[in-house]
Amino acid sequence: MTESMQNKYLALQEFIVDARSNLGDNEWGYIVGGAETETSQRRNRMAIEKLALRPRVLNDVSKVDCSTNLFGKRTPLPVLLCPIGGLESFDPEGAVSVARGAGAFGVPMMLSSVSKRPLAEVADTLETSAKATGSEAERSSVILQLYARENAAGIDATVDRCIDNGATTFCVTVDSAVYSRRERDIVARYKKPWRAVGEGDAAYFQAALNWQDIKRIRQRFPGKLILKGIATAEDAAIAADHGIDYIYVSNHGGRQLDHALGTMDMLKEIAPEVRKNNPDTKLLVDGGFCRGTDVVKALALGAEAVGLGRMMCLALAASGSDGIVRMLELLEIELAATLALLGITSVAEIGPQHIQDSEALPFGHSLSAAFPLLKDFSYD
Ligand SMILES: Cc1cc2nc3c(=O)[nH]c(=O)nc-3n(C[C@H](O)[C@H](O)[C@H](O)COP(=O)(O)O)c2cc1C
């Protein structure tokens, strides 16, 4: 990373400030908003906040390693970049910029099926960027995330395209049977260009998606399959029975069903069931993750990695692909410090012994809990 980037961003909160000044009101509202009362979104952060860490002392922590294995590759952090639609609202090159950042740092990224940039182009970009910096990411580090908005033949064609592109992992989002009501966008009359595809037949197929489709996709795709948006132990059990490799615990960043649980509370329900009945099934989680301590808490509850949604969008809007790399560097610095202060030297050592229930401090918007020093900052 260039020296100027290192000097420009010394703390994660600085991305929020720059993103706000670079974005128009509509694009800002599109990132920071959630569904209806935004309760699910606030609960995401609250569920993270109300866990406290339990430090151990007087262990040699002079060398700390934040890297881990994820989707069969070594990555410097237990983190993936979430699938995001409408990335061009934050950076003219959209997913291509994200791929440049993900490849340079070496983390996997998910590509939304509503992305304007094709999978092959994004995968090529990530591979080139990874080679230039010597990271271990490869073209298969781009994971296509599907919104099933076509009939079975259309979905199967997408699966085949991924296989042809060398994909070893594929993701289906299952928490979006219908569009939620995001009132920031609605009252601003903000019409998102990519939304048009969700009307007519597409809306029908999206709502009709069911376990039979998942069974068919499972039979067709030979690699690892992720279901994104599992929220209960009941559905996690059905997913595991369908041979799903990764249960991705998510409420879409509080952007779909309002008044759901925070995802860390969902993980508390889901992880013990999965560990008991399907120990080979892995867990991912997202929703409100912004800081190194957040990552530790998720791993302590049994997740393999956490997804960064808004934090990634804000870093991208602040400073493009370099912003993403610098954001990940700062997250790594925070995570390394947290591990050392917990008395451990690797993410593999994180366990339930490192967390306990506590209370969340009162806060307004979910981002103000993660970045309280921005107290004069408006998320409206
Ligand atoms: C602007 C924006 C666009 C999103 N687009 C998609 C998408 O296309 N597909 C999807 O599965 N999830 C989408 N999500 C949800 C994210 O993948 C992720 O689940 C969520 O952002 C995680 O919560 P966080 O933003 O608090 O980190 C989007 C989220 C945001 C903020």
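Helix by helix, which DSSP H runs in the chain go 27 Å or more along their axis at the Cα atoms and have an average Kyte-Doolittle hydropathy of 1.6 or more?
Answer set is empty.
Subtract the Cα-Cα distance of residue 151 and residue 178 from 0.36 nm times their separation in residues, and report this length gain in nm to one decimal.
Residue separation times 0.36 nm, minus the Cα-Cα distance, leaves 8.1 nm.
Along the charge dipole of segment 3-367, Cβ charges K/R +1 and D/E -1, which of 41, 143, 159 sits furthest on the positive end?
Checked the options; the winner is 41.
Could you give the Stokes-Einstein D for segment 90-247 in µm² per second, using the C-alpha Kirkwood radius, 37 °C, 0.692 mPa s?
Stokes-Einstein gives a translational diffusion coefficient of 196 µm²/s.
Find out how many positive minus negative residues lie around residue 7, taking Lys and Arg as positive, Asp and Glu as negative, among other residues whose Cβ is under 12 Å from that of residue 7.
0
To make sure I understand the rule: partners must be aspartates and glutamates, Cα under 18 Å from the Cα of residue 192, and not fewer than 8 residues away in the same chain. Which ones qualify?
25, 27, 36, 88, 91, 93, 183
For segment 198-298, which GluC sites (Glu not before Pro) are in a loop by DSSP, counting at most 16 other Cβ atoms within 10 Å?
Sites meeting the loop and neighbour criteria: 199.
Using a 7 Å offset from Cα along Cα-Cβ at residue 58, what residues in segment 321-355 end up with backbone N under 15 Å from the label point?
Answer for segment 321-355: 343.
So if we plug the beta-carbon distance of residue 242 and residue 204 into 1/(1 + (r/R0)^6) with R0 = 22 Å, what FRET efficiency do we get, rounded to 0.05?
Rounded to the nearest 0.05, the efficiency is 0.45.
Which order do 75, 133 fall in if you start with the one that has the fewest other Cβ atoms within 10 Å?
By the 10 Å Cβ count, ascending, the order reads 133, 75.
Between residue 259 and residue 161, what is the spin-label point distance in nm, taking each point 7 Å from the Cα along the Cα→C-beta axis?
About 3.8 nm separates the two model spin labels.
What full-extension length gain, to one decimal in nm, is calculated for residue 25 and residue 212 as 0.36 nm per residue of separation minus the Cα-Cα distance?
63.2 nm
Between residue 375 and residue 333, what length in nm is gained on full extension when 0.36 nm per residue of separation is reduced by their alpha carbon distance?
12.8 nm
Of 363, 205, 170, how do they rank once you tally other Cβ atoms within 10 Å and put the fewest first?
By the 10 Å Cβ count, ascending, the order reads 363, 205, 170.
Sort 211, 28 so that the residue with the fewest other Cβ atoms within 10 Å of its own Cβ comes first and the one with the most comes last.
Exposure proxy ranking, most exposed first: 211, 28.
Rounded, prolate or oblate, given the Cα gyration tensor of segment 167-266, with a/c below 1.5 counting as rounded?
oblate
Can you tell me the dipole magnitude for the chain around its Cα centre, using point charges on the Cβ only (Lys, Arg +1; Asp, Glu -1), in Debye to the nearest 20?
Dipole magnitude for the chain comes out near 160 debye.
Among 98, 274, 308, whose Cα lies farthest out toward the positive end of the dipole of segment 3-367, if unit charges sit on the beta carbon of Lys, Arg (+1) and Asp, Glu (-1)?
274
Run through the DSSP bridge list for the chain and note the antiparallel percent, rounded to the nearest 5.
20
What percent do you get for the relative contact order of segment 3-367 when only Cα pairs under 8 Å and 6+ apart count?
RCO, segment 3-367: 29 percent.
With each run of n ≥ 4 DSSP H residues scored as -39500 (n - 2.57), what mean residue ellipticity at 222 nm is computed for the chain after dividing by its residue count and rounding to the nearest 500 deg cm²/dmol?
-13500 deg cm²/dmol
Give the calculated FRET efficiency between residue 346 and residue 10 to the nearest 0.05, with a Förster radius of 45 Å applied to their Cβ-Cβ distance.
0.95
Values quoted throughout were computed directly from the atomic coordinates according to the rules given, and no laboratory measurement underlies them. Being a predicted model, the structure only gives us computed values, none of them experimental. Cβ: placed from backbone, ideal geometry, glycine included. Neighbour counts: every protein chain shown.
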